[in-house]
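Structure first, then comments.
The values are calculated or read from the model by the stated rules, or taken from the named source; none is laboratory data. Please read these numbers as outputs of a predicted model, since none were measured by experiment. FYI the Cβ positions are ideal-geometry reconstructions off the backbone, even for glycines, and counts take in every protein chain you see. Note: areas computed on protein heavy atoms with side chains; ligands, DNA, RNA excluded. Shrake-Rupley method; radii C 1.70, N 1.55, O 1.52, S 1.80 Å.
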Amino acid sequence: MINKLNIVPYTFEHGRFIFSCQANYKILESDAEFVTLQGDAKNLEQDNLAFTGLINNTPIFSAGMKMVWGHVAEGWVIATNEMWKYPLATAKAIKKDFARVAKEHNIQRVQTGIRKDFKQGIRFAEWLGLEREGLMRKWGFDGSDQYMYARIF
């Protein structure tokens with residue numbers, strides 16, 4: 001059976017499922033205790049600003065943006081360990097729809113915080129075209145230092 005990645009609009013049920021799975025990277029596990037399944041999954045749902053990658057109708061990642069104000073949005077990605085079975089397809093889908101969402105909604109700035117010690121997350125953000133703007137000390141849920149990354153469209 002061929003496992004094809006399908007991209008669909010994000011729903012909070014996707015987020016709830018992803019949050020209920022083990023974190024996709026060991027370093028992110030410390031954030032899990034601060035995640036409220038109902039609140040945070042629902043909070044990420046915003047019309048046409050987020051999408052989910054499904055394999056066999058099961059969410060393996062979701063990504064999107066939340067409007068902050070004006071033309072500024074906060075970017076986010078959540079994923080299960082299953083996404084590591086499809087890293088290239090996942091990365092390409094996020095990159096493609098990241099730019100599409102920004103263009104369709106006239107978003108001029110997308111920003112996100114990435115843990116200072118999450119090297120793969122930093123590499124991924126830079127691959128998406130985000131630039132490091134500075135270090136935010138004690139900004140993470142657990143008091144971790146995080147870099148602010150942003151992309152201007």
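Taking Ala99 as the residue in question, decide whether it is at pLDDT below 90, closer than 28 Å to Leu5 by Cβ and not in a strand (DSSP E or B).
For Ala99, the condition - at pLDDT below 90, closer than 28 Å to Leu5 by Cβ and not in a strand (DSSP E or B) - is met.
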Does Ala41 satisfy the condition of being hydrophobic (A, V, I, L, M, F, W, C), crowded, with 18+ Cβ neighbours inside 10 Å and either at pLDDT 95 or above or in contact with a Gly (Cβ under 8 Å, 6 or more places away or on another chain) (or both)?
yes
Residues that are open to solvent by 100 Å² or more (accessible area, probe 1.4 Å) and in a helix (DSSP H, G or I), drawn from segment 114-153
Lys119, Arg123, Trp127
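Go over the candidates Asn106, Asn81 one by one and state the one that is out of contact with any helix residue (DSSP H, G or I) (no Cβ under 8 Å at 6 or more places or on another chain), of a type in the set (S, T, N, Q) and farther than 14 Å from Phe153 by Cβ.
Details: Asn106 fails: farther than 14 Å from Phe153 by Cβ.
Criteria check complete, one pass: Asn81.
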Within segment 77-96, residues surrounded by fewer than 18 Cβ atoms within 10 Å (Cβ to Cβ), in contact (Cβ under 8 Å) with a residue 12 or more places away in the chain and farther than 15 Å from Asn3 by Cα come out as Asn81, Ala91, Lys95
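Can you tell me how many residues in segment 132-153 are among the charged types (D, E, K, R) and within 16 Å of the chain's Cα centre (by Cα)?
1
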Please find, within segment 102-112, the residue that is surrounded by the most Cβ atoms within 10 Å (Cβ to Cβ) out of those that are in a loop (DSSP other than H, G, I, E, B) and in contact with a strand residue (DSSP E or B) (Cβ under 8 Å, 6 or more places away or on another chain).
Ile107
